[in-house]
Amino acid sequence: MFFSPFPAYYWLAMFGTTLAIALGGIVASRHLHADLLHSVLHSPMSFFEVTPSGNLLNRFSKEIDAIDCMIPEGLKMMLGYLFKLLEVCIIVLLATPFTGLVLFPSDTKRFPSSSLYCCCIRWLAVNLEFLGNLLVLAAAILSVRGRDELSPGMVGLAVTHSLQVTGILSWIVRSWTDVENNIVSVERVKEYENTAKEAAWTLQGCSLPAAWPSAGTIQFEDYGLQYRKGLDWALRDISLNIQDREKVGIVGRTGAGKSSLALGIFRILEAVSGRILIDGMDIAQIGLHDLRSRITIIPQDPVLFSGSVRMNLDPFETCSDEDLWKALELAHLSSFVSALPHKLNHQCSEGGENLSLGQRQLLCLARALLRKTRILVLDEATAAVDLRTDQLIQSTIRTQFSDCTVLTIAHRLNTIMDYTRVIVMDQGSIVEMDSPRQLLHLQGHFYQMCLEAGLV
């Protein structure tokens with residue numbers, strides 16, 4: 001039969017302490033992680049431009065791991081030794097009450113955690129050693145002086161327990177130092193709570209019609225944009241009206257402000273001046289989720305996630321297989337997907353690395369076809385693909401998005417020569433705007449760009 005040297009209440013106290021710290025640590029860590037994730041996901045684009053990705057990975061890995069493991073373990077150790085020190089003090093005081101004259105006046109000055117290294121650690125160790133030895137000496141002297149009143153067993157108990165004080169104090173300081181060093185992880189995680197956030201995803205009291213935008217008209221009124229406060233204006237005094245079903249090409253040199261227009265429409269960057277109206281409604285008065293879910297963009301760098309082809313086409317599972325296959329056929333991908341072993345369940349690697357760039361772009365086109373929105377934005381969607389893929393994408397856009405408003409930020413000028421209008425931008429302003437034929441006749445900026453591209 002097994003006999004424990006510790007009473008039952010000791011094990012109950014240890015179990016209660018461990019359980020409380022474990023549960024408290026889990027709850028605290030979950031709240032901190034959820035707050036960190038919420039803050040990062042709702043941060044504006046400017047936050048990611050100035051924050052290295054390594055810092056974000058460090059917050060979500062090392063700092064969260066310290067909160068999960070190191071801090072609860074340090075607290076459990078420190079509380080265990082504090083209770084052990086309390087037990088020793090009680091036993092010594094019961095055996096030799098006058099030991100309290102040595103015990104209570106003893107104090108160690110607190111100093112910042114940053115000084116708990118090198119010489120200061122040695123200084124503290126010497127002081128704790130002196131305090132422990134002083135307590136042992138006091139317990140021994142008082143036990144000898146009270147030998148007539150104290151039993152030998154009580155004397156031995158007091159002296160043996162007082163001998164543990166030095167080690168217990170050292171462990172308390174060591175565990176407290178570990179907690180104090182790791183508690184910085186909480187500060188680093190909470191640091192991102194005070195950063196600027198995007199506007200609300202949904203606004204109470206703002207209910208959009210299910211079919212909005214029904215027409216697809218876009219109106220810029222003296223619109224101005226900056227990437228960050230203190231930088232030059234990316235867009236300045238933009239005023240234009242885009243009618244429903246109009247096909248508008250946007251061209252210009254690098255840095256002219258073409259992509260900034262798309263960022264403004266999706267409110268990736270908020271307006272500094274002016275406003276944008278879609279179907280007569282100010283987009284600043286609409287929740288971000290409501291706005292972005294009603295407009296479609298095909299970016300230059302296609303975005304695919306680790307998962308099946310089905311998940312990448314329809315992440316919210318709102319479409320039938322028939323709709324998926326129809327979209328793939330219109331995007332000229334049905335033959336490729338049907339040849340895959342698992343077809344729609346074929347697994348795409350992270351970023352779609354097991355697909356070619358053209359196939360990823362066509363997959364994004366199929367995803368845009370499934371969304372069926374009235375406004376489509378192409379941000380140099382064909383700049384990095386071959387001419388064959390470019391022709392496939394352009395033919396699909398002309399046939400399947402004929403009743404939509406299309407804004408194309410063009411790299412290849414031949415793709416927009418049949419558009420309704422072309423906007424030529426330079427240094428954040430509109431310098432020319434008319435039909436391609438009329439702009440060529442004016443022989444201005446657009447004519448020069450076409451001349452350089454060999455189209456004239």
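The values are calculated or read from the model by the stated rules, or taken from the named source; none is laboratory data. Note that the structure is predicted; figures quoted are calculated from it, not measured. Please note: Cβ atoms are built from the backbone with ideal geometry, for glycine as well, and neighbour counts cover all protein chains shown.
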Restricting attention to region 78-96, does a residue exist that is assigned by TED's automatic domain parsing to the domain that holds THR17, more than 30 Å from GLY25 (Cα to Cα) and at pLDDT below 70?
yes
Residue satisfying condition, being farther than 30 Å from HIS445 by Cα and either assigned to a strand (DSSP E or B) or without any contact (Cβ under 8 Å) to a residue 40 or more places away in the chain (or both), within set ARG294, ARG275, ARG310
ARG310
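Does LEU269 satisfy the criteria of being assigned to a loop (DSSP other than H, G, I, E, B) and under 27 Å from GLY428 (Cβ atoms)?
Working: assigned to a loop (DSSP other than H, G, I, E, B): yes; under 27 Å from GLY428 (Cβ atoms): yes.
It is true that LEU269 is assigned to a loop (DSSP other than H, G, I, E, B) and under 27 Å from GLY428 (Cβ atoms).
Listed residues VAL173, VAL159, VAL165, VAL179; which is free of Cβ contacts under 8 Å to residues at least 24 places away in the same chain and either hydroxyl-bearing (Ser, Thr, Tyr) or more than 27 Å from HIS42 (Cα to Cα) (or both)? Explain how you work it out, then say what you get.
Numbers: VAL173 fails: free of Cβ contacts under 8 Å to residues at least 24 places away in the same chain; VAL165 fails: free of Cβ contacts under 8 Å to residues at least 24 places away in the same chain; VAL179 fails: free of Cβ contacts under 8 Å to residues at least 24 places away in the same chain.
One residue alone meets the criteria, VAL159.
Over 29 Å from the mean Cα position of the chain (by Cα) and in contact (Cβ under 8 Å) with a residue 24 or more places away in the chain: does that describe GLY264? Reasoning before the result, please.
On the way: over 29 Å from the mean Cα position of the chain (by Cα): no; in contact (Cβ under 8 Å) with a residue 24 or more places away in the chain: yes.
Spelling it out, it is not the case that GLY264 is over 29 Å from the mean Cα position of the chain (by Cα) and in contact (Cβ under 8 Å) with a residue 24 or more places away in the chain.
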For GLU221, which of the numbered conditions (1) in contact with a Phe, Trp or Tyr (Cβ under 8 Å, 6 or more places away or on another chain); (2) outside any loop (DSSP other than H, G, I, E, B) fails to hold?
(1)
Filter region 370-413 for residues that are touching a Cys at 6+ places or on another chain (Cβ under 9 Å) and within 22 Å of GLY257 (Cβ to Cβ); the one that is surrounded by the fewest Cβ atoms within 10 Å (Cβ to Cβ) is LEU413
